[in-house]
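I have placed the structure first, in the form of structure tokens, so that the comments after it can refer back to it.
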């Protein structure tokens, strides 16, 4: 069973290190030679921090000059660690809490391995699947306007703006949903759909494309439209959706989907204008949807 897996089962036992006084060029060379994304920084043999490829890129892009610059200048410290006996769920939570991509793994106070988000992503879909069904069983949340969802997260944002004060949906109503597109979202979407295009998952490959960096799957971003529709009062059922893609969305961007009711086609059917904007307000995706809205099933006694 998955629940028996612990950090020690999937971590990398080989730990690549640099000393506190080494240059960032030494760290970069070590990462390139070993084809890794980070190195642990040690002082007198004790691990005290970490340098990632992102740290190096950010520093070089900002400062340009790298000769003679020591890793202490760019490293992240204190080092975030996790016990080798910890669960994968705990590892995922710790990565999310600190917004980092790599954990140092310890056993009895000694450094014994490293664990990255990519390693964890192969197992996360199963963890999330179990956790999702647990939350669905335990929760049924009512949103403004009378919509219901199985669960919510604190970092999700939504709003419902009725055109008038009458109950139900009508032309002119607007529903919005906003979330940040994370690397974890992209990994999970790739695993769930099989869309493992390297432009989404391989930073070195993506840098050579017209985008210059990894981008989110277009349909992952468009999925926030469905997320907004889930917050319409009633049980919303998709009948049609057309989409035009105008701009890529980079990893870490906060996007907002907006659905505006433009026409009532029948008593329970509506046409909507749909749009997804990035955190700068630029339109990434737009289109039109047709939905059917049923009444919410009566709650079981």
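Annotation: of all residues in the stretch 78-93 being touching a residue at least 60 places away in the same chain (Cβ under 8 Å) and not in a helix (DSSP H, G or I), the one that is nearest to residue 22 (Cα to Cα) is 82. Residues of the stretch 227-259 that are under 16 Å from residue 290 (Cβ atoms) and crowded, with 18+ Cβ neighbours inside 10 Å: 228, 229, 232, 234, 236, 259.
For every residue, the table says whether it meets (1) under 21 Å from residue 84 (Cα atoms); (2) in contact with a strand residue (DSSP E or B) (Cβ under 9 Å, 6 or more places away or on another chain); (3) modelled with pLDDT under 80.
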residue	(1), (2), (3)
102	yes, yes, no
105	yes, yes, no
139	no, yes, yes
142	no, yes, yes
157	no, yes, no
161	no, yes, no
175	no, yes, no
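Restricted to the stretch 61-85, and to residues there that are modelled with pLDDT under 80 and closer than 26 Å to residue 202 by Cα, the residue that is surrounded by the most Cβ atoms within 10 Å (Cβ to Cβ) is 66. Scanning the stretch 276-298 for residues that are surrounded by 14 or more Cβ atoms within 10 Å (Cβ to Cβ), within 30 Å of residue 117 (Cβ to Cβ), in contact (Cβ under 8 Å) with a residue 60 or more places away in the chain and in contact with a helix residue (DSSP H, G or I) (Cβ under 7 Å, 6 or more places away or on another chain) turns up at least one hit.
The values are calculated or read from the model by the stated rules, or taken from the named source; none is laboratory data. Keep in mind that what you see is a predicted model, and the values were worked out from it rather than measured. Neighbour counts are summed over all protein chains in view; Cβ atoms, including those assigned to glycine, are modelled from backbone coordinates with ideal geometry.
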